[in-house]
1. How about segment 127-150: which of its residues are of a type in the set (D, E, K, R) and either under 11 Å from the mean Cα position of the chain (by Cα) or not in a strand (DSSP E or B) (or both)?
2. Identify all residues within segment 163-179 that are open to solvent by 40 Å² or more (accessible area, probe 1.4 Å) and touching a strand residue (DSSP E or B) at 6+ places or on another chain (Cβ under 6 Å); write none if there are none.
3. Check Gly165, Gly141, Gly149 and return the single one that is without any contact (Cβ under 8 Å) to a residue 40 or more places away in the chain and either aromatic (Phe, Trp, Tyr) or closer than 19 Å to Lys41 by Cα (or both).
4. Can Ile130 be described as within 24 Å of Leu43 (Cα to Cα) and either open to solvent by less than 50 Å² (accessible area, probe 1.4 Å) or at pLDDT below 95 (or both)?
5. Does segment 40-90 hold any residues that are among the charged types (D, E, K, R) and more than 23 Å from Leu29 (Cα to Cα), and which are they?
6. Out of the helices (runs of 4 or more DSSP H) lying entirely within segment 1-97, which hold 1 or more residues that are free of Cβ contacts under 8 Å to residues at least 40 places away in the same chain, open to solvent by less than 60 Å² (accessible area, probe 1.4 Å) and under 21 Å from Glu108 (Cβ atoms)?
7. Is segment 47-60 home to any residue that is touching a Phe, Trp or Tyr at 6+ places or on another chain (Cβ under 8 Å) and small (Gly, Ala, Ser)?
8. Quickly run through segment 151-162 and pick out the residues that are open to solvent by 50 Å² or more (accessible area, probe 1.4 Å) and not in a loop (DSSP other than H, G, I, E, B).
Amino acid sequence: MSATSPELSREALARRIAEVALLRGEFTLRSGRKSSYYLDKYLFETQPDILMALGKAFAAMLPPETDRLAGPELGAVALAAATAMHAKLPFVLVRNSKKGYGSSKLVEGTLKAGDKVVIIEDILTTGGQIVEAAKTLEAAGATVIKMIGTIDRLEGARENIEAAGYSYASLFTTADLGIKPE
């Protein structure tokens with residue numbers, strides 16, 4: 001598909017993501033759990049038609065009071081950038097750990113105390129990384145008002161995120177992509 005192709009419907013977007021990013025085999029997830037499939041975020045996030053459609057879909061889900069977006073490194077950076085362009089909002093990057101040079105910041109970009117932030121994420125299994133990112137943003141003075149994932153693997157992310165006190169939504173679940181539970 002080219003950058004000038006018609007917009008993807010929700011169903012077509014789900015099919016397109018599965019078509020380019022669903023891998024079968026034996027995989028170890030970030031959570032340490034084994035899985036017979038893997039959704040390679042880099043395979044779908046590097047496709048212009050998918051990235052544009054995801055940015056637009058995320059932008060449509062933002063609460064009106066959103067001041068800023070955040071994308072945890074590395075997988076959600078492209079998603080946050082695409083969403084920022086559609087929503088015309090600034091975004092920040094949230095590092096997993098401080099770098100040992102330069103400014104040594106955990107949050108890159110401009111974040112003001114009191115900013116109402118929505119975190120954009122790629123694929124969620126347990127929700128651990130997005131909750132860590134939220135804590136980093138809060139430590140920097142922001143208020144996390146919502147978390148939105150691209151794909152929820154339906155393996156506890158929603159429950160863990162909501163138990164941590166955050167509002168959560170996902171664009172798709174693995175069921176939407178035609179993946180049967182393991």
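1. Selection gives Glu132, Lys135, Glu138.
2. Ser167
3. Of Gly165, Gly141, Gly149, the one residue that is without any contact (Cβ under 8 Å) to a residue 40 or more places away in the chain and either aromatic (Phe, Trp, Tyr) or closer than 19 Å to Lys41 by Cα (or both) is Gly149.
4. It is true that Ile130 is within 24 Å of Leu43 (Cα to Cα) and either open to solvent by less than 50 Å² (accessible area, probe 1.4 Å) or at pLDDT below 95 (or both).
5. Asp49, Lys56, Glu65, Asp67, Arg68, Lys88
6. Result: 48-60, 77-87.
7. no
8. Arg158, Glu159, Asn160, Glu162
The values are calculated or read from the model by the stated rules, or taken from the named source; none is laboratory data. Not measured: the values here are computed from a predicted model. A quick note on method: Cβ atoms are made from the backbone with ideal geometry, for glycine too, and the neighbour counts reach across all protein chains shown. The protein model used for the area step is the full one, side chains on, heavy atoms only, and it has no ligands, DNA or RNA in it. Shrake-Rupley method; radii C 1.70, N 1.55, O 1.52, S 1.80 Å.
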